[in-house]
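Accompanying notes for the structure given below.
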Amino acid sequence: MEPWVSNLIRSGAVLLGSLIVYLVGVRLGRKGVAGLSQRGSESAKRAETLWLMIRRLFLLTLLVTAILVIFGVWGISITPFLAMGTVVAAAVGFGAQDMVKDFIAGFFILVEDQFRVGDTVTIADVSGTVEDIQFRVTKLRDLEGNVHIVPNGQIKVASNHTSLYARPVIDVGISYDSDVDQALAVMKDELQGLAADPEWSDRVRGEPEVLGVNSLDDSAVVLRARITTTAQERWPVRREALRRIKKRFDAEGITIPFPQVTIHKAD
């Protein structure tokens, strides 16, 4: 058998072995993620996020290893490549500091569990649902469906809106002619009814809180309440609460004013 044929067969065996190792590793990883998913949604999201990064790193490691082994099969010295790699690494160190910072920031996002795939967050003045966390960037999709790609190194403050639980604040303005105590009682009754409604009770945690008068604005007395909800349900619960309060205020004759200005004409 010709040497080049033997080398070709051995190279194919290396590639085939690497593919088998990758497929087996992916299968085992998916089983591990599925097992953690049975423990609850929070464990599932964290496992899925970590698995995305581990799978990419695993694939990269296998590719580099396979290439080095194939070089050895064909008798190609890797010393020049190592020297070239040293030069390239030095150039990257000087010219790609932002990229290195992005990689380090991405690593700490995962280690510290700052946010996960599926969470709704605000990072770098952009809000949306996390679709992917890569080594260098995080991908968000906003309410309108736009995808935002944020370099991890630019994330100075990360606000996670869907971690464990949420507390949507309900602010409602009433006219100065309305009875404040009556309006507060109506708000409390409607929010308690929302929490007791079988359709919504599994989304609300504990008793809603009516905090009282929050401010005296130019055209309205602003009343404030707060509801503790499950992490992902803060917005639907808040919208439903406002709908119920508006209908009840209309029925009770409690006015929600619009901005207005009184002009006094001089004689």
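The values are calculated or read from the model by the stated rules, or taken from the named source; none is laboratory data. Everything numeric in this text was worked out from a predicted model, so none of it was measured. Counting neighbours? That spans all protein chains shown, and the Cβs are built from the backbone with ideal geometry, glycine included.
All of (1) in a strand (DSSP E or B); (2) free of Cβ contacts under 8 Å to residues at least 12 places away in the same chain hold for Glu199 with one exception: (1).
For the stretch 90-110, the criterion of being at pLDDT 90 or above, part of a helix (DSSP H, G or I) and farther than 30 Å from Leu68 by Cα is met by none of the residues. Close contacts from the stretch 140-167, counting a first residue that is touching a residue at least 12 places away in the same chain (Cβ under 8 Å) and a second that is in a strand (DSSP E or B) and charged (D, E, K, R), with Cβ to Cβ under 7 Å and a gap of 6+ residues or different chains, come to Leu140/Glu131; Arg141/Glu131; Val147/Lys139; Val147/Arg141; Ile149/Lys139; Arg167/Arg226.
Table: residues versus (1) crowded, with 16+ Cβ neighbours inside 10 Å; (2) more than 20 Å from His161 (Cα to Cα); (3) β-branched (Val, Ile, Thr); (4) assigned by TED's automatic domain parsing to the domain that holds Ser175.
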position	(1), (2), (3), (4)
Glu199	no, yes, no, yes
Glu207	no, yes, no, yes
Glu233	yes, no, no, yes
Pro257	yes, yes, no, no
